[in-house]
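See structure below.
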Amino acid sequence: AQSVAQPEDQVNVAEGNPLTVKCTYSVSGNPYLFWYVQYPNRGLQFLLKYITGDNLVKGSYGFEAEFNKSQTSFHLKKPSALVSDSALYFCAVRDIDGGRRALTFGSGTRLQVQP
Amino acid sequence: SQTIHQWPATLVQPVGSPLSLECTVEGTSNPNLYWYRQAAGRGLQLLFYSVGIGQISSEVPQNLSASRPQDRQFILSSKKLLLSDSGFYLCAYLQGTYGYTFGSGTRLTVV
């Protein structure tokens, strides 16, 4: 079964500094990876996905993620953090095959950007 | 355009009462539909999914059930709520191969 791990419960960064939110995955085969963001009491908003192609994926709101097959990682990054980026971030992997085609999520990482 | 509606937004129910949460999708046909639960503001657990009308698969044995009476309607139910059913419930659908869209969620508090 596939899984993703987010090793940090919380990441703190100062506004204007670069940020990284870590994610590692475990799948048999080529992974389909996603990042979502959640604001308090809201649904999930899509940031970006990796299906195939370039290892550096650019997404919404200035976020990007780097797919690293050898390290089985898919870390989320942003060159300059904003206070408004403070939220809960989820990494997810999609089922490789079968009709379910569901997303399996990591435990989430809370990003806190200090002014 | 595709949209997803989920209601109610918040719900406070006593232990032992029934539950019905509804999710409807617009602008797409025959989508895969999903119910997730998020406990304590953290990870999301897949509860049910459906690949078509009347087709429900349960991921976790529990006090809840799901139904899909129409192509774009997905209902989460319980006959008798438990305290442990409290949480944030999210409905989602899959458009195409990789396009997942989530509803705005229902905060359920069982008292």
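The values are calculated or read from the model by the stated rules, or taken from the named source; none is laboratory data. Nothing here was measured: the structure is a model prediction, and the numbers come from that model. With ideal geometry, Cβ positions are generated from the backbone for all residues, glycine too; neighbour counts draw on all protein chains shown. All accessible areas refer to the heavy atoms of the entire protein, side chains included, with ligands and DNA or RNA removed. Shrake-Rupley method; radii C 1.70, N 1.55, O 1.52, S 1.80 Å.
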Could you tell me which numbered condition A:Ser60 fails, if it satisfies all but one of (1) open to solvent by 10 Å² or more (accessible area, probe 1.4 Å); (2) within 11 Å of another protein chain (Cβ to nearest Cβ)?
(2)
Could you name every one of the strands (runs of 3 or more DSSP E) located completely within region B:6-111 that has at least 1 residues being touching a residue at least 24 places away in the same chain (Cβ under 8 Å) and surrounded by 13 or more Cβ atoms within 10 Å (Cβ to Cβ)?
B:10-13, B:19-26, B:32-38, B:44-52, B:65-70, B:73-78, B:87-95, B:99-102, B:106-110
Number of the condition not met by A:Arg94 [criteria: (1) surrounded by fewer than 20 Cβ atoms within 10 Å (Cβ to Cβ); (2) touching a strand residue (DSSP E or B) at 6+ places or on another chain (Cβ under 6 Å)]:
(1)
Is it true that A:Leu19 is open to solvent by less than 60 Å² (accessible area, probe 1.4 Å), more than 10 Å from the chain's Cα centre (by Cα), at pLDDT 95 or above and closer than 21 Å to B:Leu90 by Cβ?
no
Does region A:82-106 hold any residues that are farther than 26 Å from A:Asp9 by Cβ and not charged (D, E, K, R), and which are they?
A:Ile96, A:Gly98, A:Gly99
A careful count of residues in region B:23-45 that are among the hydroxyl-bearing types (Ser, Thr, Tyr) and either under 12 Å from the mean Cα position of the chain (by Cα) or under 23 Å from A:Asn41 (Cα atoms) (or both) gives 3
Is there a residue being within 11 Å of chain A (Cβ to nearest Cβ), of a type outside the set (Gly, Ala, Ser) and in contact with a Cys (Cβ under 8 Å, 6 or more places away or on another chain) anywhere in region B:39-52?
no
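Here is a yes/no grid of residues against (1) on the phi > 0 side of the Ramachandran plot; (2) away from chain B (no Cβ under 12 Å); (3) free of Cβ contacts under 8 Å to residues at least 24 places away in the same chain; (4) among the polar types (S, T, N, Q):
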{"position": "A:Asn68", "(1), (2), (3), (4)": "no, yes, yes, yes"}
{"position": "A:Arg94", "(1), (2), (3), (4)": "no, no, no, no"}
{"position": "A:Gly99", "(1), (2), (3), (4)": "no, no, yes, no"}
{"position": "A:Leu103", "(1), (2), (3), (4)": "no, no, no, no"}
Single condition B:Ala66 does not satisfy, out of (1) small (Gly, Ala, Ser); (2) under 11 Å from the mean Cα position of the chain (by Cα); (3) more than 14 Å from chain A (Cβ to nearest Cβ)
(3)
Please count how many residues of region B:77-111 are of a type in the set (Gly, Ala, Ser) and within 11 Å of chain A (Cβ to nearest Cβ).
6
Number of positions in region B:87-100 that are at negative phi, under 13 Å from the mean Cα position of the chain (by Cα) and not aromatic (Phe, Trp, Tyr):
3
When the residues of region A:30-52 are filtered to those that are open to solvent by 50 Å² or more (accessible area, probe 1.4 Å) and of a type outside the set (Lys, Arg), which remaining residue is farthest from B:Tyr34 (Cα to Cα)?
A:Thr52
